[in-house]
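To start, the structure under review is shown below, and the notes come after it.
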Amino acid sequence: MANTMSTKRDYYEILGVSKSSTPDEIKKAYRKVAMKFHPDRNPGDHTAEEKFKEAAEAYEILSDSDKRAQYDRFGHNAFGAGRGGGFSGHGMNMDDIFSQFGDIFGDDMFGSFFSGGSRGGSRRSRGTRGSNLRVKIKVNYEEIAKGTTKTIKVKKYIICNTCGGSGAKDKNSAQTCRTCGGNGQVRRVQNTFLGQMQTVTTCPDCNGEGSVITSKCTACRGEGRVYGEETVTLEIPAGVQEGMQLSMSGKGNMGERGGGPGDLVILIEEEPHPFLHREGLNVAYDLHISFPEVVFGTQIEVPTIDGRAKIKIPAGTQSGKIFRLKGKGFPSINSHEKGDQLIQVNVWTPQNISEAEKIALESLQDSENFKPKPDKNDKTFWEKIRETFS
């Protein structure tokens, strides 16, 4: 299966804008790029068509405030899983793009600019694209570290099997629209001071579908879809984190009368670990040990993401000391980098002691060895923390 974490260009670079650009600036930039590489202006030029598609994809993300925020945080990985398995970016077919183009800049502008109309006049819009769905998926630390596959049941609009999505009772119940002749659009020629200008607009009688239903399907009442359930398998890549969104193309709600499905957006939720907590790519663990253990030194077993590990506590270890288990943290979703496990030693002070213990401790109270002798070169607690997580 194809890996979606590969060679996509930066969306801001595609449109020639910066990360601080306003929505209006992004819209104007998209219009400029789309005009330049429109297939009708570059017939037979496959490179121009790819750039046209690329610009449409970039605009789809950057024009949506939520998608743009996710892209700014995670890049292309916010919309596609690194392990393949059905996830993809927001790829669009040409019909989707032309529909988007007309919605943004107006059908009249679209038709008048490309008055040759080789594509606009023959384009037929089928129904309305379905809406996106959002689901929350909980993943534990081990699943985040290794990646996982989850199978869920999604309640959504699915295609009507009775009519095959047409919305018509039978094949004789849908007729070609007389107004547009089945094209889904109507053309008008206007005389202007620049000469004749041709405009193309959505047919008002069939709403761009090219056909009119005379008798509706009884199962879906003419919508071409019914409310049902689908089992979906999700491939969650290693390294995801709380709040990250993944997108599964075409797994959202089915559109009306063959309009095509929306996407399934998966929001990642991290399940808390009983002992560990996450600090970016690192995993932190608070180790509580007794005073005799730090005096004499000890070997102790600690929990990790994928099991347990033994570490050696040298005699004389001070409270606050941080030990590092290299590579025992989380992998990065964007690179081959991997975090560590950080173990901070905390010396446990007993709260209730027996009379014998009290006498023993009192006998040591004035001992020179038990008086604090901090090293002036030792780093402060906060310096250690900053150094550890830098």
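The values are calculated or read from the model by the stated rules, or taken from the named source; none is laboratory data. Bear in mind the structure is a predicted one, so any value in this text is a computation, not a measurement. Here the Cβ positions follow ideal geometry from the backbone for every residue, glycine too, while neighbour counts run over all protein chains shown.
Out of the residues in segment 10-47 meeting the condition of being touching a Phe, Trp or Tyr at 6+ places or on another chain (Cβ under 7 Å) and modelled with pLDDT under 85, tell me which one is surrounded by the fewest Cβ atoms within 10 Å (Cβ to Cβ).
ASP40
Give the residue, chosen from GLY255, GLY280, GLY262, that is exposed (fewer than 13 other Cβ atoms within 10 Å of the Cβ) and of a type in the set (Gly, Ala, Ser).
GLY280
With the condition being touching a helix residue (DSSP H, G or I) at 6+ places or on another chain (Cβ under 6 Å) and modelled with pLDDT under 95, I'd like the strands (runs of 3 or more DSSP E) fully within segment 156-274 carrying at least 2 qualifying residues.
In segment 156-274, 195-202, 245-248 are the strands (runs of 3 or more DSSP E) which contain 2 or more residues that are touching a helix residue (DSSP H, G or I) at 6+ places or on another chain (Cβ under 6 Å) and modelled with pLDDT under 95.
Those residues that are farther than 30 Å from THR218 by Cα and in contact with a strand residue (DSSP E or B) (Cβ under 7 Å, 6 or more places away or on another chain), I need them from segment 153-202; list them, please.
Those that are farther than 30 Å from THR218 by Cα and in contact with a strand residue (DSSP E or B) (Cβ under 7 Å, 6 or more places away or on another chain): VAL186, ARG187, ARG188, VAL189, GLN190, GLN196, MET197, GLN198, THR199, VAL200, THR201.
Given the criterion crowded, with 17+ Cβ neighbours inside 10 Å and of a type outside the set (A, V, I, L, M, F, W, C), identify the matching residue among THR349, THR298, THR304.
Of THR349, THR298, THR304, the one residue that is crowded, with 17+ Cβ neighbours inside 10 Å and of a type outside the set (A, V, I, L, M, F, W, C) is THR304.
Between a first residue in segment 278-300 that is under 20 Å from ALA145 (Cα atoms) and a second residue that is among the charged types (D, E, K, R), which pairs have beta carbons less than 6 Å apart while being 6 or more apart in sequence or on different chains?
ASN282/ASP340
Would you call LYS51 assigned to a helix (DSSP H, G or I), touching a Phe, Trp or Tyr at 6+ places or on another chain (Cβ under 8 Å), at pLDDT below 90 and not aliphatic (A, V, I, L, M)?
Yes: the conditions hold for LYS51.
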